[in-house]
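Step one of this worksheet: look at the structure below.
Derivation of every value follows stated rules applied to the coordinates shown; laboratory data play no part. The structure presented is a predicted model; accordingly, all values stated were derived computationally and were not measured. Neighbour counts run over all protein chains shown; Cβ positions are idealised from the backbone, glycine included.
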Amino acid sequence: MPQSLLIQHDDHIRGSIDAAIVIVLYTDYQCPTCRAAHLAIKDLQKRLGTQLCTVLRHFPQTDRHPYAELAAECAEAAGAQGNFWAMHDALFALQASFEPAMLPALAERLGLDPDLLTEDVTRRAFRARVERSASGGTRLGVVSAPTLFINGQRYDGDIDEGAIVDALMRFVA
């Protein structure tokens with residue numbers, strides 16, 4: 001397995017890293033296909049429980065999605081306040097209507113400090129982290145999001161729950 005696929009100390013992880021199945025997902029918060037992958041994997045996480053670990057990495061496609069990088073930085077700013085996954089889920093839920101002006105209200109709704117979140121996003125405090133994530137994906141051959149690696153193997157199938165389930169089943173005991 002390539003070194004860059006190994007779980008890093010600053011990765012965002014849902015589930016146990018000792019799970020039978022580990023999905024490394026490169027995503028973009030404004031990409032509709034990424035939203036579909038997010039929903040499918042979130043549902044699978046519920047169904048498979050401790051058998052599945054999801055590792056989230058950013059791959060904003062700014063050439064197609066003007067707020068993709070900002071959204072990723074917003075998720076990181078929320079993570080610095082201990083609430084990455086809630087912001088992650090909210091960004092996908094609000095995908096079609098997301099715009100920077102909604103950040104303070106969104107932060108407040110999620111129990112975050114809206115002033116701190118706005119300050120972190122405005123000063124681009126997490127830009128380097130998002131760029132590091134994306135460049136790691138590029139080194140692995142990621143050219144678009146979503147891109148999934150299942151137990152170290154690139155998954156090139158359809159991005160729907162049924163297809164992903166079929167791919168995962170070979171790893172389930």
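For the chain, adding -39500 (n - 2.57) for each run of n ≥ 4 DSSP H residues and dividing by the number of residues yields -13500 deg cm²/dmol at 222 nm.
Please compute the length gained on full extension between ALA96 and ASP11, using 0.36 nm multiplied by the number of residues separating them and subtracting their Cα-Cα distance. Working shown, then result.
Numbers: separation 85, 0.36 × 85 = 30.60 nm, distance 2.61 nm.
Result for the pair: 28.0 nm of gain on full extension.
Under the convention that each Lys and Arg Cβ holds +1 and each Asp and Glu Cβ holds -1, the size of the dipole of the stretch 3-169 around its Cα centre is about 260 debye. Projecting the Cα atoms of GLY137, LEU91, ALA40 onto the charge dipole of the stretch 3-169 (Cβ charges, centred on the Cα centre) puts GLY137 farthest toward the positive pole. Modelled spin-label separation between ARG124 and ARG139, with each label point placed 7 Å from Cα along the Cα-to-Cβ direction: 2.2 nm. Here the label points at THR33 and ALA163, each 7 Å from Cα along the C-beta direction, are separated by 0.8 nm in the simple model. The mean sequence separation of alpha-carbon pairs under 8 Å and at least six residues apart, normalised by the residue count of the chain, gives a relative contact order of 33 percent.
Taking the Cβ of each residue in ASP113, ASP28, ASP166, ASP63 as the centre, tally the other Cβ atoms inside 10 Å and list the residues starting with the fewest. Kindly include the intermediate steps, with their values, before the conclusion.
Working: ASP113 14, ASP28 25, ASP166 11, ASP63 7.
Sorted ascending by nearby Cβ count, the order is ASP63, ASP166, ASP113, ASP28.
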